[in-house]
Amino acid sequence: MANQLTNKYQMKATKIINTGSAIILGLFALLTLFLSSSVIFNWFGVRAKEGNYVLLIVWANFICSILYLFAAYGFIKRAKWTFWVLIIALIILIIAFAALLIHINNGGIHEEKTIGAMIFRMSITLTFSLVALIKFNKSLWRKHSY
């Protein structure tokens, strides 16, 4: 009986984590998609308001926003591939961040907030990828009998 209650609460907690992750990641994806596409396509005259943006970073964020939408769907479906989608997004962000640092070191113009935003975005992506790894990789949760 106690084992059934434990399983019931674990399943409910897993569902809450999966749904919560999907909602948060989906909202983050939609916000990122809107902001990056606004700069790329100059919706509402956003380019002038953005200042010294680095187009490579904007495109990396745009691509990652689409990957985040796939990952949000993966959280809903409890798919193992969710982890890999997020790792690809993280790799894109790391490469873009390295390119940004090279751009800055070569005297390229940029907004200081971009550095913090990229670190934040990489941290969020890493966090969600670890949640996906832990939640969807059954071998991490197998009980070992000794």
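The values are calculated or read from the model by the stated rules, or taken from the named source; none is laboratory data. Remember, predicted model here, so these are calculated numbers, not experimental data. Cβ: placed from backbone, ideal geometry, glycine included. Neighbour counts: every protein chain shown. Each accessible area value is taken on the protein alone, full model and side chains, heavy atoms only, with ligands, DNA and RNA left out. Shrake-Rupley method; radii C 1.70, N 1.55, O 1.52, S 1.80 Å.
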Against the conditions (1) more than 27 Å from ASN137 (Cα to Cα); (2) touching a residue at least 24 places away in the same chain (Cβ under 8 Å); (3) more than 12 Å from the chain's Cα centre (by Cα), where does THR32 fall short? Just the number, please. (3)
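Within segment 34-146, which helices (runs of 4 or more DSSP H) (wholly inside it) include 1 or more residues that are modelled with pLDDT of 95 or more and open to solvent by less than 30 Å² (accessible area, probe 1.4 Å)? Please lay out each step first, then the result.
Values: elements: 46-50, 55-77, 81-105, 112-136.
Ranges flagged: 55-77, 81-105, 112-136.
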